[in-house]
Amino acid sequence: QDGADFASGAVVRAAGSAELRRLLTSDQLTNLLESPTPVRWLSGEITADKTPQLWKYLRQDIRVEELDAAGLVRRLTAAFLARQTDSWMAELYTFLAGQRAWLSRFKNGSREAQFVPFIDKPIIRLESAEHVCPLTQDGKPVAFLPPEGASDFVCVKRSVVEKKEAREFVSALGVDMPDKCDEVLRKVMPKYAAGAFPATDEYQSDLKRIFDALGTDSKSKRQALITKLAEFKFLRAQNAATAAFDWKLPGDVYLRTGELEIYFEGNPSAWFLAGEVEQFSDVLVELGVLSTVRIKAQEPNYSGHV
């Protein structure tokens, strides 16, 4: 008909949805497929519902290929994504947000998330313009949502998630704005993990940041932080026998009390927490620091004998 455009079946693709057709221009489709000749979309007026006989003929006889959401994701590369604008990346996120079955797997945990088609695709555009996969090797979000103002955290590019739908998609992947717990885990604890123990003033500042973070309203983040802190030698302690100082795990340290000082007098295996931290004693006990003697005993066997 007048105004109609035609092409051979070899350079035409049927779109799995109208949204996909709107997402990719002919040039983008050609680049995505890495085709040496321009590739174009089949008219949206030709569908399995509207024109079933023509659709069957084109798909079965002419062998016009169909590109759906999974096909799009399989072909996404860092090189292709790097050439797209921030606004297009936002449209991509909006499109992927419509794939409800995929996003539901993120809600069920990282084990199910590993089967999402885009999990190993570099779809996350960082503020640095680098493209990375959504999750780290241990199943954690690779970046944060950008907070208000400047941030030294690794964040998704601000201009990409300004659109509500794009931001909601990234949030569905478990990406959130950094809070005090994230600050401790990403900025404070790595120092102690690397054995770079700070000076007294910095140590006191770090302790305050840690205890402030443990006041979070998020039970899951609080528990995750407690679990992580138990693995780090971040508490400065003094030996009961030699009075020497060292860095210890929470589970290796005691709160200093008169009774414990008498009990452990001259004992080189006992360590007391050093510094003015009595106001945090409740939290310290939760981390594993004790004010009573630790009792270690072998568990009884099936008959009740040790």
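The values are calculated or read from the model by the stated rules, or taken from the named source; none is laboratory data. Please read all numbers here as calculations on a predicted model, not as lab measurements. For the accessible areas, the whole protein counts, side chains as well, though only heavy atoms, and no ligand, DNA or RNA atoms are used. Shrake-Rupley method; radii C 1.70, N 1.55, O 1.52, S 1.80 Å.
Contact order for segment 188-306, expressed relative to its length and based on alpha carbon pairs under 8 Å spaced 6+ residues apart, stands at 21 percent. Entry note, the chain: relative contact order of 10 percent, from Cα contacts under 8 Å with a spacing of 6+ residues. Our compactness index for segment 102-237, the C-alpha radius of gyration over the empirical 2.2 N^0.38 Å, is 1.16. Compactness of segment 14-160, taken as the C-alpha radius of gyration over 2.2 N^0.38 Å, stands at 1.19. Restricted to Cα atoms, the chain shows a radius of gyration and a Dmax of 29.0, 100 angstrom. Hey, how much of the P(r) for segment 230-306 falls beyond 17 Å, as a percent of Cα pairs? Across segment 230-306, Cα pairs with separations above 17 Å total 47 percent. Within the listed set PRO117, PRO36, PRO190, the residue fluctuating most in the Gaussian network model of the chain (springs between alpha-carbon atoms under 10 angstrom) is PRO36.
A helix-only calculation puts the chain at -9500 deg cm²/dmol for mean residue ellipticity at 222 nm, using -39500 (n - 2.57) for each DSSP H run of at least four residues, averaged over all residues. Entry comment: accessible area of segment 242-306 is 69 Å² per residue, from protein heavy atoms only and a probe of 1.4 Å. For LYS248, the aspartates and glutamates whose Cα comes closer than 20 Å to its Cα, not counting residues fewer than 8 places off in the same chain, are ASP201, GLU202, ASP206, GLU231, GLU261, GLU265, GLU276, GLU278, ASP282, GLU286. Taking ASN267, ASN31, ASN239 in turn, the Gaussian network model of the chain (Cα-Cα springs below 10 Å) assigns the largest fluctuation to ASN267. Counting heavy atoms of the protein chains alone, GLU168 has an accessible area of about 100 Å² for a 1.4 Å probe. For the residues ASP120, ASP217, ASP182, a GNM of the chain with alpha-carbon springs under 10 Å puts the largest fluctuation on ASP217.
When TYR57, TYR192 are compared by accessible area at a 1.4 angstrom probe, the order from most to least is TYR57, TYR192.
Surface calculation, 1.4 Å probe, protein heavy atoms: ARG75 sits at approximately 90 Å² accessible.
Solvent-accessible area assigned to carbon and sulfur over segment 190-259 amounts to 50 percent, based on a 1.4 Å probe.
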